[in-house]
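Chemist: Before I ask anything, let me first share the structure, which is written out below as structure tokens.
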Amino acid sequence: MSETKSTIQTESNPDRPVSTTTGETEEEVRSEWREYAFDGEPKLSVENLDVYYGDDHALRDVSIDIPEESVTALIGPSGCGKSTFLRCLNRMNDRIKSARVDGSVEVDGEEIYQDGTNLVELRKRVGMVFQNPNPFPKSIRDNVSYGPRKHGDIDTGVLAGLLGRSNEEREAELVERSLKQAALWDEVDDRLDDNAMGLSGGQQQRLCIARCLAVDPEVILMDEPASALDPIATAKIEDLIDELAQEYTVVIVTHNMQQAARISDQTAVFLTGGNLVEYGETDQVFENPESQRVEDYITGKFG
Amino acid sequence: MSRVTESALIREETSTLEAIAGVAIGLCALLFALAMAALFEVVTVTDSVAGLPMSNVLGGLLAVVGVVVVGFGAASYRGLVPTEPRASAGAVAATAFSAIWFVVGGLVASQTLGVGLAGGLLGGGLLGGIAFAVTAIPREDVGSTLPAGALALLAGGALLTGVIGPGWSWTPFDLNATFFPPIVVPAVVMFCSLLGGWAAAKAYGGFGARGRHLGAYLLVYLNALAIVAVLVGLVAFVVFKGAPGVFEGVTVAAGAGPSTTVSAFGFSHTVVWPVSWPFLTNGAALMNDVDGVLPAIVGTVWLVVGSVLFAVPLGVGAAVFLSEYAEQGRFTQVVEIATNGLWSTPSIVFGLFGYAFLLPRFGGEKSLLSGMLTLGFMLLPLVVITSREAMLSVPDEYRDASAALGVSKWQTIRSVVLPAALPGVVTGVILGVGRIAGETAPILLTMAGGTFVPGSQTVDVIGGFQFTASPPFVANPALLEATSALPYQVYALVTAGVGGSQLNDPEAFAWGTTLVLLAVVLSFYAVGIVTRYYFRRKLHQ
Ligand SMILES: Nc1ncnc2c1ncn2[C@@H]1O[C@H](COP(=O)(O)OP(=O)(O)OP(=O)(O)O)[C@@H](O)[C@H]1O
Ligand SMILES: [Mg+2]
């Protein structure tokens, strides 16, 4: 395993084009960057990523390497581009008309922003839980098994039944496991056939997590998965994330500093204007941030 | 003249005066209902009720309403009832009352007093002005009760005294029309009861915000009731007129009906229906006791089924392309305008198209198939429009969620977008079926057989399928035969006028056919609504 250096080093790349709009912050930001190095190949490697919505420059020149089997927290004030960044990692930004993405994102060393990328495969590998819960207007069971069914991993159709290839047991198992992981099973085990729209907001959010887990992705992107949850469910989700980090690469957006500090291995701080200001080991970032602005943000003086 | 400013969140007890206002509201509702009934000839204004002519009774009730309303206004003005009136009834009410009183004054002056056009205008202007002033200037309790109550009193007086009564008729100016009491009395009563009811409801609410709310509520509520009443009246009218024809010769007894033989695997079983309903099971023939419309019923049903089978897959497919795949822009706009235009194209144009384009291609004769396709073309734009609307209103979150799970676009459309859009699609099809099932012009040109279709000409689409030795291996001559349909049969009966010689009672036959048409369309509706309910339930529960 080789040592990989992450984030941009100004020294090594001094004449990289600099965004002109905020030259002043650019200087400031650059001086704050610090190397974050870890062992092993990065799972996700983002380089010089710029995102524009029309003329609106939402992410500025973000470069970051995310290690495998770890939890990475993204924090920063509202509107700084955390969701935008997350959506770049599985190319969900393609679905926004006005969005334009420049730069490179590699998953396992494979560039995803190139012609011929199979988006369906990519999103199977890089799953996502959205900021707002968005279950399908289907039964709870169908919501969870939706992905595997569509991928052909589970077939409970009439034809499969006739041919004796129905996997209803496997489906039931998968549904139970995913719902348990998402800390929802106890609340819904007796009404799996009810419509998911009848769940509370927090339950819907956990259902969306279960739905994402059922597909068994390698990377899980979570956009504030606990924002609508009570402390107990939040604790369960945090346990889940801890557990997931054994096998998966988790990238999580959160507004809750304590949560970020508790669950993440490394933390990236975005500040207004779409700048990645600091990225490093969570303890480092929280206890000893290099940038004054980051310290202000973390301690609540600025946001 | 003390302004009552105190307001109670909870009114502890209703005063006698308030109760009286409530009674006035009830009277107005009763009057409104009676007038509706009179319009539909359920009751007759020339009849007498308890020894009094109906119009006098209505007039008396109206006068009572007028007195109560005006009295309540006066009582409130003198501070005898706790109310919270505003400073004025407002410009809208004033304008409305002045317009109403302008018409009343003008009519009374020029028609009853006979002072001519100039006199009429003068009288109208005078009364209109007074009404405006009376409504706008005094406090709300007087402004909104006096003009309405006075109108009810005036109309009630005219009816009571027989100025407008059973023997009366009115030919306005030199118009070529005469109004008779059966129309005029209900119309006047309805209008005055609406106004009186509005004023009474305001009074009951103690004027002010609550009064306005109650007044508006009453108007809206009565209007909604009136619409329902019109609908019910229409259906009832058709049912009454059509029932004798439809139920002619119906017998219920063991073995009375036709027999059906079911045979399978060499065994055959004959069922004899216990109901004989000749109107529904016969065609028209010289030897029949009772002529029926079976061929037309079957024709209409197949027509609708065929055009739906043709239009729905095509239309939904087009909608999927337009809303999910096509870049929203110039092209989709053009398609949208074109489909809207097609939907509002007169049906005779579709009929001519079918006649000139389809007929020559299907053997040159009118046929069921040309009718199906013509109506299918008519239905197509509506299916496209409503399906597209329905798909565009499916939230993008569902699509995003599905895409983020690594599900392809087509699978997303099939398993998320279409199910969510289905209730909307079904609504569109329901609307469309209502239209095409009753369409006459295109059928006339593309499919219709004779005026009286013998039972032997009932199409047998299912039994008509044959296997052939050469491609396409399946043929169905039944589709290529001319047949009848219910709306066409009604049209032919009414216009041809030659049916009298063959039918005992052509009018009863025509009304019976209409009733059956209504029943067939409503059954399609019912099927559609049940389907939509099913899909909705799946989405929401
Ligand atoms: N679909 C879009 N179209 C146009 N602009 C967008 C779109 N989505 C986001 N933006 C803009 O991009 C910027 C970053 O938005 P983003 O949603 O990434 O913020 P965020 O950090 O996730 O904020 P929050 O914490 O409130 O969720 C904002 O200024 C926003 O207005
Ligand atoms: Mg966000």
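The values are calculated or read from the model by the stated rules, or taken from the named source; none is laboratory data. Everything numeric in this text was worked out from a predicted model, so none of it was measured. As a convention, Cβ positions derive from the backbone with ideal geometry for all residues, glycine included, and neighbour counts pool all protein chains shown. When the accessible area is computed, the model is the full protein with side chains, heavy atoms only, and any ligands, DNA or RNA have been set aside. Shrake-Rupley method; radii C 1.70, N 1.55, O 1.52, S 1.80 Å.
Chemist: Give me the net charge of B:Ala510's neighbourhood, meaning all other residues with Cβ under 14 Å from the Cβ of B:Ala510; Lys, Arg count +1, Asp, Glu -1.
Modeler: Numbers: positive: B:Lys241; negative: B:Glu248, B:Asp291, B:Asp505, B:Glu507.
For residues surrounding B:Ala510, the net value is -3.
Chemist: By what distance, in whole Å, do the Cα atoms of region A:116-229 stretch along each of the three principal axes, largest value first?
Modeler: The Cα atoms of region A:116-229 stretch 45, 43, 22 Å along the principal axes, largest first.
Chemist: Using the beta-carbon distance between A:Glu41 and A:Glu281 and R0 = 22 Å, what value does 1/(1 + (r/R0)^6) give for FRET efficiency, to the nearest 0.05? Don't jump to the answer; show the numbers that get you there.
Modeler: Details: r = 18 Å, r/R0 = 0.82.
E between A:Glu41 and A:Glu281, to the nearest 0.05, is 0.75.
Chemist: Going by a 1.4 Å probe on protein heavy atoms, which residues of region A:84-100 end up with at least 50 Å² less accessible surface in the whole assembly than in their chain alone?
Modeler: A:Arg95
Chemist: With the cut-off at 1.5 for a/c, could you classify region B:53-174 from its C-alpha gyration tensor as rounded, prolate or oblate?
Modeler: Details: a/c = 3.42, a/b = 1.40, b/c = 2.45.
Since a/c reaches 1.5 but b/c is at least a/b, the shape of region B:53-174 is classed as oblate.
Chemist: Say we join alpha carbon atoms closer than 10 Å with springs in a Gaussian network model of chain A; which of A:Gly79, A:Gly273, A:Gly152 then has the biggest fluctuation?
Modeler: Highest fluctuation among the options: A:Gly152.
Chemist: Would you work out if the protein assembly as shown is rounded, prolate or oblate? Take a ≥ b ≥ c from the square roots of the eigenvalues of the alpha-carbon gyration tensor; rounded if a/c is under 1.5, else prolate when a/b is larger than b/c, oblate otherwise. The partial results should precede the final answer.
Modeler: Details: a/c = 2.67, a/b = 1.44, b/c = 1.86.
Because a/c hits 1.5 or more and a/b fails to exceed b/c, the protein assembly as shown counts as oblate.
Chemist: Quick test of the membrane-span-like rule: which DSSP H helices of chain A reach at least 18 Å along their long axis (C-alpha atoms) with mean Kyte hydropathy at least 0.0?
Modeler: A:201-214, A:231-244
Chemist: Roughly speaking, what is the stretch gain from B:Tyr533 to B:Ala224, that is 0.36 nm per residue apart minus the C-alpha to C-alpha distance, in nm to one decimal? Intermediate values should be presented prior to the final figure.
Modeler: Working: separation 309, 0.36 × 309 = 111.24 nm, distance 2.42 nm.
That pair, B:Tyr533 and B:Ala224, stretches by 108.8 nm at full extension.
Chemist: While we're on this one: Efficiency by 1/(1 + (r/R0)^6): what FRET value for A:Asp153 and A:Asp56, r their Cβ-Cβ distance, R0 = 51 Å, to the nearest 0.05?
Modeler: Working: r = 40 Å, r/R0 = 0.78.
Efficiency, rounded to the nearest 0.05: 0.80.
Chemist: Then there's this: If amide H atoms are built 1.01 Å from N in the plane of the peptide, which residues on other chains or at least 5 residues away come under 5 Å of the amide H of B:Gly206?
Modeler: It is none; the list stays empty.
Chemist: Where does each of B:19-27, A:174-182 land if you order them by average Cβ count within 10 Å, highest first? Spell out each step's value before the answer.
Modeler: On the way: B:19-27: 19.0, A:174-182: 21.2.
Descending mean neighbour count gives A:174-182, B:19-27.
Chemist: Ok, one more. Cross-link list A:Lys43/A:Lys124; A:Lys82/A:Lys138; A:Lys124/A:Lys150; A:Lys124/B:Lys538: which exceed 18 angstrom alpha carbon to alpha carbon? Working shown, then result.
Modeler: Working: A:Lys43/A:Lys124 15 Å; A:Lys82/A:Lys138 30 Å; A:Lys124/A:Lys150 11 Å; A:Lys124/B:Lys538 27 Å.
Result: A:Lys82/A:Lys138; A:Lys124/B:Lys538 exceed 18 Å.
Chemist: Moving on to the next point. What net charge is computed for the residues neighbouring B:Ala93, neighbours being all others with C-beta under 14 Å from the C-beta of B:Ala93, Lys and Arg scored +1, Asp and Glu -1? Mind showing how you got there, number by number?
Modeler: Values: positive: B:Arg86, B:Arg139, B:Lys202, B:Arg212; negative: B:Glu140, B:Asp141.
Neighbour charge sum, excluding B:Ala93 itself: +2.
Chemist: Enter the buried accessible area of the B/A pair, total of both sides, probe 1.4 Å, in Å² rounded to the nearest 100. Intermediate values should be presented prior to the final figure.
Modeler: Details: alone 28110 and 14270 Å², together 40490 Å².
The buried area between B and A, both sides summed, comes to about 1900 Å².
Chemist: A:Asp155's amide H: which non-local residues (gap 5+, or another chain) put their own amide H closer than 5 Å, with H modeled 1.01 Å from N in plane and none for Pro or chain starts?
Modeler: Amide H neighbours of A:Asp155, under 5 Å, 5+ apart: A:Asn167.
Chemist: On to the next question. Need one number: convex hull volume per residue for chain B, Cα atoms only, in Å³. Spell out each step's value before the answer.
Modeler: Values: hull volume 158.6 nm³, N = 541.
Normalising the Cα hull of chain B by residue number yields 293 Å³.
Chemist: Sorted by packing (mean other beta-carbon atoms within 10 Å per residue), highest first, where do B:364-377, B:193-206, A:65-78 land? Don't skip to the answer; put the middle values down first.
Modeler: Values: B:364-377: 24.2, B:193-206: 27.3, A:65-78: 21.0.
So the peptides B:364-377, B:193-206, A:65-78, ranked by packing, come out B:193-206, B:364-377, A:65-78.
Chemist: Return the distance in nm (one decimal) between the two label points of a simple spin-label model at B:Phe240 and B:Ala74, each offset 7 Å from Cα along Cα→Cβ.
Modeler: A separation of 4.2 nm, rounded to one decimal place.
Chemist: Can I ask one more? Which far-off residues, 5 or more places away or on another chain, put their amide H under 5 Å from the one on A:Val253, with H placed in the peptide plane?
Modeler: A:Leu74, A:Met222, A:Asp223, A:Glu224
Chemist: I've got another one for you. Could you work out, residue by residue across A:211-221, how many beta carbons of other chains sit within 10 Å of that residue's beta carbon, and then give the average as an integer?
Modeler: Values: counts 3, 3, 0, 1, 4, 0, 3, 0, 0, 0, 1.
The shielding value for this peptide is 1.
Chemist: How large is the translational diffusion coefficient of region A:137-198 in µm² per second when you combine the Kirkwood radius over alpha carbon pairs with Stokes-Einstein at 4 °C and 1.567 mPa s? Walk me through the numbers on the way to the answer.
Modeler: Working: Rh = 12.0 Å.
Estimated diffusion coefficient is 108 µm²/s.
Chemist: Hey, what's chain A come to in accessible area per residue, 1.4 Å probe, Å²? Let's see the in-between values first.
Modeler: Values: 13360 Å² over 303 residues.
Solvent-accessible surface per residue comes out at 44 Å².
Chemist: Oh, and also: For chain B, what is the mean residue ellipticity at 222 nm derived from helices alone (per DSSP H run of n ≥ 4: -39500 (n - 2.57); sum divided by total residues; nearest 500 deg cm²/dmol)? Mind dumping the intermediate values first?
Modeler: Working: 19 runs with 330 residues, N = 541.
It lands at -20500 deg cm²/dmol.
Chemist: Shape of region B:7-107 from its Cα gyration tensor (a ≥ b ≥ c, root eigenvalues): rounded if a/c is under 1.5, otherwise prolate when a/b > b/c, or oblate? Intermediate values should be presented prior to the final figure.
Modeler: Working: a/c = 2.51, a/b = 1.49, b/c = 1.68.
The shape class here is oblate.
Chemist: Suppose R0 equals 41 Å; then what is the FRET efficiency for B:Val115 and B:Thr495 from their Cβ-Cβ distance, rounded to the nearest 0.05?
Modeler: Values: r = 48 Å, r/R0 = 1.17.
E(calc), rounded to 0.05, equals 0.30.
Chemist: With n ≥ 4 as the cut-off for DSSP H runs, can you work out [θ] at 222 nm for chain A, using -39500 (n - 2.57) per run divided by the number of residues, rounded to the nearest 500? Before the final figure, lay out each step's value.
Modeler: Working: 12 runs with 107 residues, N = 303.
My calculation for chain A gives -10000 deg cm²/dmol from helical runs alone.
Chemist: Here's a follow-up. With each label point set 7 Å from Cα along the Cα-Cβ vector, what nm distance links B:Val272 and A:Asn256?
Modeler: If labels sit at B:Val272 and A:Asn256, their model points lie 7.9 nm apart.
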